[in-house]
Amino acid sequence: MKLLFENKLSTKPLVSIILLDWSCRESFHSLYYFNNQTVPREQYEIIWIEYYSNRSPEIEKGLSECKQSGKPSIVDKWIVMDMSDNVYYHKHLMYNIGIISSKGEVVTFCDSDAIFGTTFVESIIKAFEKDRNIILHMDEVRNTDRRFYPFNYPSIE
């Protein structure tokens, strides 16, 4: 296992967003959505975990662009597990690494190829402000209309 990138956070985030990949992602649009939230970026961290050995050029490019522009990093931690290609992936191992690596008071696992509204993180924070003793489940909506494919960056409003 390798930690390819770590953004040393100056404050403890409220929410840790953990995104899982097993060398299957063709689009990294979820990082765009997570970096365009209504709450300040320091209130949440983004952790990307790759099961196999893939080092995504898209994440490398995004990190470089953020550094050059002075924007917050597209991910705060980028972990590659370097599991052998002949081993079937186990999400539970990635869940454990995500939990151990997270710093947030609330940990959420999200589908790494989904679309997220600008208030997604805010809604998590507000739900836990109302009641800290909850388990929050947010369901997904699927659509077969190509206009709504995530890599087309459709509006969800």
* Could you give every pair whose Cβ atoms fall below 6 Å, whose first residue belongs to the stretch 1-21 and is touching a residue at least 24 places away in the same chain (Cβ under 8 Å) and among the aromatic types (Phe, Trp, Tyr), and whose second residue is in a strand (DSSP E or B) and buried (at least 17 other Cβ atoms within 10 Å of the Cβ), counting only separations of at least 6 or pairs across chains? -> Phe5/Trp78
* Residue within the stretch 54-66 that is part of a loop (DSSP other than H, G, I, E, B) and farther than 24 Å from Lys2 by Cβ present -> no
* Could you grab me the full set of residues in the stretch 67-95 that are under 15 Å from Asn35 (Cα atoms), assigned to a loop (DSSP other than H, G, I, E, B) and touching an Asp or Glu at 6+ places or on another chain (Cβ under 7 Å)? => Asp76
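Pull up the stretch 24-37, narrow it to residues that are assigned to a loop (DSSP other than H, G, I, E, B) and in contact with a Ser or Thr (Cβ under 8 Å, 6 or more places away or on another chain), then point me to the one that is farthest from Ile125 (Cα to Cα).
Looking at the filtered set, the residue picked out is Arg25.
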* If the Cβ limit is 6 Å and pairs must be 6+ apart or interchain, which residue in the stretch 66-77 that is under 13 Å from Gln43 (Cα atoms) pairs with which residue that is crowded, with 21+ Cβ neighbours inside 10 Å and modelled with pLDDT of 95 or more? -> Asp76/Glu45; Asp76/Ile46
* Are any of the residues in the stretch 123-138 closer than 17 Å to Leu19 by Cβ and surrounded by 17 or more Cβ atoms within 10 Å (Cβ to Cβ)? -> yes
* So which residues in the stretch 38-70 are under 21 Å from Val121 (Cβ atoms), surrounded by fewer than 22 Cβ atoms within 10 Å (Cβ to Cβ) and of a type outside the set (Gly, Ala, Ser)? -> Thr38, Val39, Pro40, Arg41, Glu42, Gln43, Leu63, Cys66
* **From the options Gly104, Gly117, Gly98, residue that is assigned to a loop (DSSP other than H, G, I, E, B), touching a residue at least 40 places away in the same chain (Cβ under 8 Å) and either surrounded by 19 or more Cβ atoms within 10 Å (Cβ to Cβ) or under 11 Å from the mean Cα position of the chain (by Cα) (or both)** => Gly104
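The values are calculated or read from the model by the stated rules, or taken from the named source; none is laboratory data. Model, not experiment: these values are computed from the prediction. Neighbour counts are summed over all protein chains in view; Cβ atoms, including those assigned to glycine, are modelled from backbone coordinates with ideal geometry.
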